[in-house]
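The values are calculated or read from the model by the stated rules, or taken from the named source; none is laboratory data. Here the structure is a predicted model, which means the values were calculated and not measured. All Cβ positions, even for glycine, are placed from backbone atoms using ideal geometry, and neighbour counts span all protein chains on display. When the accessible area is computed, the model is the full protein with side chains, heavy atoms only, and any ligands, DNA or RNA have been set aside. Shrake-Rupley method; radii C 1.70, N 1.55, O 1.52, S 1.80 Å.
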Amino acid sequence: MERLPAGLAGKLVAWYRAGHRDLPWRQDKEPYHVWLSEIMLQQTRVEAVKGYYARFLRELPTIEALAACEPDRLQKLWEGLGYYSRVRNLQKAARIIVNDLGGEFPRTLDEIRILPGVGAYTAGAIASICFELPAPAVDGNVLRVLSRVMADDSCVSKQAVKDGYSAKLAEVYPAGACGDFTQSLMELGATVCLPNGEPRCETCPIASVCRARADGAQKRYPVKEAKKNRRMENLTAFRLLCGEKCAVRKRVDAGLLAGLWELPNVPGLLDASGALALLETWDLQPRELVSMREKTHIFTHVAWNMRCFTVVCAREAAGFTWVDGARFDHDIALPTAFRQFWE
């Protein structure tokens, strides 16, 4: 892989410092804040994260508070962001920092990298932004920018290609401006060198050194592996009501949505008579079938075709946790697949 164009870092840092988005996590360089924002932003849009970020820090303003938070309450604060393993790893890492590191956030790239849930990108972002280390943070935005600049046909889905770009970036990190350089690449990919639609080349600070633009081939890059088809699964869920309470249960601690709360459910799509017959076997004594709703929920590798019956029951059968609205609002985090039927 060739060297990156001369002057790339200087042009980007100057552009970034001249004006960029005013985001909540850019107000300081506190490692906890940068770390939290980077974990939240994985697979999630910036606009969606802003409210979660503010709410999370209001309740858990320190790493010590995060480490001590009850798991159900922690997941409630995360509810709707998805990919719940992120917040579980966030707490695991917080407990390591508190219990093993005296409450001090690690300051070297290798030490940051070994925290649970912290990959090469997140470690590079924290190390460069918070500690001014020449540590690249290479994500999809950065890969798109660099593959266009270089007009590189290499498949960016391959780890070797990502590592190659990381090595090339490390060579050009500007001393004293490492954090701004990292954020300039993030900013360019998010606001100018766009993934969908026309890139805004007319406002790009590095348009003069971009080979893809010179060739009129911006949309050709980056080159990626073809996406695999999602498998489809059918699911029947139940919103079971008894008085002021609704039934939920915990999922097993492995696999998809591991350890999270869910509405009771079974594989397959039952009709109304089949659903009521099943509830009788659960000793729920169904009184009224209120509604039936159908939705599809998309995960990364699987899609659920879901049918949910809302049923009023005569008794709180064993085997479920029956919660009222106050309990639900405080510490029952339902994944979006099920929460869409609660609402």
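Kindly express, to the nearest 10 degrees and within the range 0 to 90, the angle between helix 120-131's C-alpha long axis and the longest C-alpha principal axis of the chain.
60 degrees
If the chain between residue 225 and residue 302 were fully stretched, how many nm would it gain, using 0.36 nm times the residue separation less the Cα-Cα distance? Each step should come with its number before you reach the end.
On the way: separation 77, 0.36 × 77 = 27.72 nm, distance 1.82 nm.
Result for the pair: 25.9 nm of gain on full extension.
At 1.4 Å probe size, with no ligands or nucleic acids counted, give the accessible surface of residue 301 in Å², nearest ten.
That residue has around 140 Å² of solvent-accessible surface.
Could you tell me how many degrees, from 0 to 90 and to the nearest 10, lie between the Cα long axis of helix 46-59 and the main elongation axis, the longest principal axis, of the Cα atoms of the chain?
Result, in degrees: 70.
Between the stretch 40-119 and the stretch 222-254, what is the C-alpha centre distance in whole Å?
With the stretch 40-119 and the stretch 222-254 each reduced to a Cα centre, they are spaced 24 Å.
Run the helix sum for the chain: -39,500 (n - 2.57) per DSSP H stretch of 4+ residues, divided by residue count, reported at 222 nm to the nearest 500 deg cm²/dmol. Before the final figure, lay out the partial values.
Numbers: 15 runs with 151 residues, N = 343.
Computed ellipticity for the chain at 222 nm equals -13000 deg cm²/dmol.
Test of understanding: extend the Cα→C-beta vector of residue 132 to 7 Å, then name every residue of the stretch 27-44 with backbone N under 17 Å from that spot.
28-31
At R0 = 41 Å, how high is the FRET efficiency between residue 86 and residue 269 if r is their beta carbon distance? Nearest 0.05 is fine. Intermediate results must be reported in sequence, preceding the final value.
Numbers: r = 31 Å, r/R0 = 0.76.
Once the sixth-power term is evaluated, E becomes 0.85.
Using 26 Å as the Cα-Cα cut-off, could you pick out the over-long pairs in 158/228; 11/168; 92/250; 228/295? Let's see the in-between values first.
Numbers: 158/228 15 Å; 11/168 17 Å; 92/250 20 Å; 228/295 22 Å.
Going by Cα-Cα distance, every pair falls inside the 26 Å limit.
For the stretch 147-303, what is the relative contact order in percent, using Cα pairs closer than 8 Å and at least 6 residues apart in sequence?
Values: 135 pairs, mean separation 34.8, N = 157.
After rounding, I find 22 percent.
Using a basic spin-label model with each label point 7 Å from the Cα along Cα→Cβ, how many nm lie between residue 321 and residue 2?
The two pseudo-label positions are separated by 5.8 nm.
Given H placed on each backbone N at 1.01 Å, which residues far from residue 151 in sequence or on other chains put an amide H within less than 5 Å of it?
So residue 151 has HN proximity to 211, 212.
How long is the gain from residue 50 to residue 17 if the chain were fully straight, where each residue apart is worth 0.36 nm and the alpha carbon distance is subtracted?
Values: separation 33, 0.36 × 33 = 11.88 nm, distance 2.17 nm.
Contour length minus Cα-Cα distance gives 9.7 nm.
At 1.4 Å probe size, with no ligands or nucleic acids counted, give the accessible surface of residue 186 in Å², nearest ten.
About 20 Å², ignoring ligands and nucleic acids.
Please compute the length gained on full extension between residue 200 and residue 27, using 0.36 nm multiplied by the number of residues separating them and subtracting their Cα-Cα distance. Please list the in-between numbers first.
On the way: separation 173, 0.36 × 173 = 62.28 nm, distance 2.66 nm.
Computed gain between residue 200 and residue 27 is 59.6 nm.
Quick one: of the DSSP bridges fully inside the stretch 198-343, what percent are antiparallel, nearest 5?
On the way: 21 of 32 bridges.
The antiparallel proportion sits near 65 percent.
Taking the DSSP beta bridges in the chain as the whole, what percent of them are antiparallel, to the nearest 5? Before the final figure, lay out the partial values.
Details: 21 of 33 bridges.
Given both bridge residues lie in the chain, the antiparallel proportion sits at roughly 65 percent.
Is the shape of the stretch 148-208 best called rounded, prolate or oblate, per the rule: a/c under 1.5 gives rounded, else a/b larger than b/c gives prolate, else oblate, with a ≥ b ≥ c the square roots of the Cα gyration tensor eigenvalues?
Oblate, because a/c is 1.5 or more while a/b does not exceed b/c.
Given (1) 1.07; (2) 1.03; (3) 1.18, which label gives Cα Rg over 2.2 N^0.38 Å as computed from the coordinates?
It is the value labelled (3).
Among the trypsin sites (Lys or Arg not before Pro) within the stretch 213-316, which fall in a DSSP loop and have no more than 16 other Cβ atoms within 10 Å of their own Cβ?
Values: sites: 213, 219, 220, 224, 227, 228, 230, 231, 239, 245, 249, 250, 251, 287, 293, 295, 307, 315; in loops: 224, 227, 228, 230, 251, 315.
Sparse-neighbourhood loop trypsin sites (Lys or Arg not before Pro): 224, 227, 228, 230, 251, 315.
Over the stretch 262-343, what is the mean sequence separation of C-alpha contacts under 8 Å (at least six apart), divided by residue count, expressed as relative contact order in percent?
Values: 72 pairs, mean separation 23.8, N = 82.
The value is 29 percent.
Report, in degrees rounded to the nearest 10, the 0 to 90 angle that the Cα long axis of helix 85-100 makes with the longest principal axis of the chain.
Approximately 70 degrees, to the nearest 10.
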